[in-house]
1. Only one of (1) surrounded by 18 or more Cβ atoms within 10 Å (Cβ to Cβ); (2) over 20 Å from the mean Cα position of the chain (by Cα) is not met by L2, so which one is it?
2. Does S71 count as under 21 Å from S255 (Cα atoms) and either among the hydrophobic types (A, V, I, L, M, F, W, C) or surrounded by 13 or more Cβ atoms within 10 Å (Cβ to Cβ) (or both)?
3. Can you work out which of the residues in segment 15-51 that are over 20 Å from W212 (Cα atoms) and charged (D, E, K, R) is modelled with the lowest pLDDT?
4. Go through segment 1-32 and report how many residues are assigned to a loop (DSSP other than H, G, I, E, B) and among the basic types (K, R).
5. Specify the residue that is farthest from A75 (Cα to Cα); the eligible residues are those in segment 33-55 that are part of a strand (DSSP E or B) and among the charged types (D, E, K, R).
6. For the list (1) part of a loop (DSSP other than H, G, I, E, B); (2) surrounded by 15 or more Cβ atoms within 10 Å (Cβ to Cβ), I need the number of the one condition that W212 fails.
7. Between a first residue in segment 88-111 that is farther than 20 Å from I125 by Cα and a second residue that is among the acidic types (D, E), which pairs have beta carbons less than 7 Å apart while being 6 or more apart in sequence or on different chains?
8. Which members of segment 137-155 meet the condition of being outside any loop (DSSP other than H, G, I, E, B), touching a helix residue (DSSP H, G or I) at 6+ places or on another chain (Cβ under 7 Å) and closer than 10 Å to F170 by Cβ?
Amino acid sequence: MLIQASSYFEMQTTCLVPGIFMVRPRSAPNQVIMEEKFSFTPRVKGNDYIDGYGNIAMRLLIPEGDSTLESSVIAECTETIEVNMDAAYVPIELLPDNVLQFLLPSRYCESDKVTDIATAITGGIQPGYAQVECIRQWVHTNFTRQYGTTNSTTSALDVLHTRMGVCRDFTHAAIALCRNLDIPARMVAGYLLGLDPMDLHAWFEAYVGDRWYTFDALMDQPMGGRIVMAYGRDAADVAFASHFGNVVFKKMIISVKEVT
């Protein structure tokens, strides 16, 4: 399927502020970028680089006053995500080197502190994909999607206690539980066709059966129509904007639609 997605941000600063923006997807096995545009007004100089997770990042100086950022993409994406309940747990000693980092606790995913709940959720379940799907279903069933209940400091431990939040919170909880079972899990940020209300979205991937599989704790069933913008250990690695000074985001508009 062909998907057109765009992001529009209005921001304001009182001085020059260094920033890093991660809103530019790249082609991968499940998505082919057909067209991509990026603009910042007023025009500023910036440069792209590839971060440690393979994401395209742009660094620039956000000018004093009002400014806007617009990013759009047209991508050929898969209509479904692959499901494989037989995908087996991969022993740690057999994991690729670049996957090992996704086993460790991180800023928002305190996987070393959720043993009791991870064990309770997955008791008696075959190690591997089946365990991850069990976790995904548990988070989906037991969490409530509620804006305004969490913020930029909220971690997996926090939401496992309140069981309320948005997609990033659902994802942090699921990642922490997977890692506690020694299953590598990483956060994914991007666009999802049909998300309601529309927003930038977060989900996760788990490494089982010698590959990464997609899981989304916010959705009640597997859904394709996704454009990946960034991978990372948690939200700190996949933020669409990181700024090193005071920036006020005044407006955000996200659009995702299928095109023919």
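1. The single condition L2 does not satisfy is (1).
2. Answer is yes for this residue.
3. K45
4. Qualifying residue count for the region: 1.
5. This residue is D48.
6. Looking at each condition in turn, W212 falls short on (1).
7. Note: pairs meeting the criteria are P105/D112; S106/D234; R107/D234; Y108/D234; C109/D234.
8. The one that is outside any loop (DSSP other than H, G, I, E, B), touching a helix residue (DSSP H, G or I) at 6+ places or on another chain (Cβ under 7 Å) and closer than 10 Å to F170 by Cβ: V139.
The values are calculated or read from the model by the stated rules, or taken from the named source; none is laboratory data. All of these numbers come straight from a predicted model, not from anything done at the bench. Note that each Cβ is placed from the backbone with ideal geometry, even for glycine, and that neighbours are counted across all protein chains shown.
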